[in-house]
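Structure first, commentary second.
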Amino acid sequence: MKKLASTLPNMLLSLTAICCVAAALLSFVHESTRATISAQELNALQDGINKVTPSYDNSPYEEKITVTFDGDEFVIYPAKEGEILQGAAVESVSHNGFSGDVRVLVGLDMDGKVVDYTVLEQAETPGLGAEMDQFFRETDTGHFIPGISVTTPLSVTKDGGTVDAITAATISSRAFLETINKAYAAYQLALDQNLLSR
């Protein structure tokens, strides 16, 4: 077989063929894994709802509502026993993380206290801001969030608040607390607009 001459048209033709094959393979892999990834994301979300909400016997995911607050959409998953609202899980976001958006699923009860939380998405610095998922759960500290009332917005001590920030990750800590505050504000908005039955 005769070897192709190393000319510009031949190189462009070879490069185009390689790119087409690579694009086709990437497209195939994306399509074949999309359903699996979606199912895993849904399972992770439902596990998060189970973890952060007060006890319930309804289906929070199927009864979810969406409210717009501060330019963002917040998905609220109501937790009910019978027809009585016990609280909710709220998907919240801050656009002020050190490395981008921070998304947190926050569980709130009827008294405005955080039941629990789980970090859904963050790209903060490993070993620093990325520790937010566990740092704010450390008991007997000035940064333990579960059980704390958020009827008054939370802020870090550096800003005159009561919550200790992650060492060397104040920006990440502020973003995390912003997600908690916004979750409560969106939840309260839904209650005020009678979007959630009490």
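The values are calculated or read from the model by the stated rules, or taken from the named source; none is laboratory data. Quick caveat, the model's predicted, so the values are computed rather than measured. Positions of Cβ are backbone-derived with ideal geometry, glycine not excepted, and every protein chain shown enters the neighbour counts. Just so you know, the surface numbers come from the protein's heavy atoms only, side chains and all, with ligands and any DNA or RNA stripped out. Shrake-Rupley method; radii C 1.70, N 1.55, O 1.52, S 1.80 Å.
Taking H placed 1.01 Å from N in the peptide plane, check which residues at least 5 places from GLN86 or on another chain put their amide H under 5 Å from its amide H.
The answer is ALA79, LYS80, GLU81.
Tell me what the chain gives for mean residue ellipticity at 222 nm when only DSSP H runs of n ≥ 4 count, each as -39,500 (n - 2.57), the sum divided by the residue total, rounded to 500 deg cm²/dmol. All intermediate terms of the calculation are to be shown ahead of the outcome.
Working: 3 runs with 72 residues, N = 198.
Using -39500 (n - 2.57) per qualifying helix, the result is -13000 deg cm²/dmol.
May I ask you to give the solvent-accessible area per residue for the chain, in square angstrom, as obtained with a 1.4 angstrom probe? Each step should come with its number before you reach the end.
On the way: 11180 Å² over 198 residues.
Heavy-atom SASA per residue in the chain reads 56 Å².
PRE reach from ALA168 (point 7 Å along Cα→Cβ): which of segment 102-146 fall under 17 Å by backbone N?
124-132, 135
Taking springs between alpha-carbon atoms closer than 10 angstrom, which of GLY147, GLY48, GLY71 fluctuates most in the Gaussian network model of the chain?
GLY71
Please compute the modelled spin-label separation between LYS64 and SER32, points set 7 Å along Cα→Cβ, answer in nm with one decimal.
2.9 nm
Helix 8-52 against the longest principal axis of the chain: what's the angle in degrees, Cα atoms only, rounded to the nearest 10?
20 degrees
Go ahead and set up a Gaussian network model of the chain, Cα springs under 10 Å, then flag whichever of PRO54, PRO153, PRO78 fluctuates most.
Answer for the Gaussian network model of the chain: PRO153.
Do any of LYS51/LYS113; LYS51/LYS158; LYS113/LYS158 go past 20 Å between their Cα atoms, and which?
Numbers: LYS51/LYS113 15 Å; LYS51/LYS158 30 Å; LYS113/LYS158 23 Å.
As for pairs spanning more than 20 Å Cα to Cα, those are LYS51/LYS158; LYS113/LYS158.
Please work out whether segment 118-176 counts as rounded, prolate or oblate from its C-alpha gyration tensor, where a ≥ b ≥ c are the square roots of the eigenvalues and a/c under 1.5 means rounded, while otherwise a/b larger than b/c means prolate and anything else oblate?
Working: a/c = 1.60, a/b = 1.36, b/c = 1.18.
It is prolate, given that a/c is not under 1.5 and a/b is the larger ratio.
Hey, with R₀ at 25 Å, roughly what FRET efficiency would ASN96 and GLU138 work out to, going by the Cβ-Cβ distance, to 0.05?
On the way: r = 23 Å, r/R0 = 0.92.
Result of the calculation: an efficiency of 0.60.
Of THR118, LEU12, PHE136, whose Cα points farthest to the positive end of the dipole of the chain (charges on the beta-carbon: +1 Lys, Arg; -1 Asp, Glu; origin at the Cα centre)?
Farthest towards the positive end: LEU12.
Can you tell me the orientation of helix 170-192 relative to the chain, as the angle in degrees between its alpha-carbon axis and the longest Cα principal axis, to the nearest 10?
Between the helix axis and the principal axis of the chain, the angle is about 60 degrees.
For Cα pairs less than 8 Å apart in space and 6+ apart in sequence, what is the mean separation divided by the residue count of the chain, i.e. the relative contact order in percent? Kindly include the intermediate steps, with their values, before the conclusion.
Values: 341 pairs, mean separation 34.4, N = 198.
That works out to 17 percent.
By the gyration tensor of its Cα atoms, with a ≥ b ≥ c the square roots of the eigenvalues, what is the shape of segment 25-112: rounded for a/c under 1.5, prolate for a/b over b/c, or oblate?
Numbers: a/c = 2.56, a/b = 1.46, b/c = 1.76.
Oblate shape, in that a/c is at least 1.5 and b/c is the bigger or equal ratio.
Given that just one value was derived from the coordinates, which of (i) 48, 35, 32; (ii) 66, 36, 23; (iii) 80, 42, 29 is Cα extents along the principal axes in Å?
(iii)
Over segment 6-79, calculate the relative contact order: mean separation of alpha carbon pairs under 8 Å at least 6 apart, over the residue count, as a percent.
Details: 32 pairs, mean separation 14.6, N = 74.
Rounded, it is 20 percent for segment 6-79.
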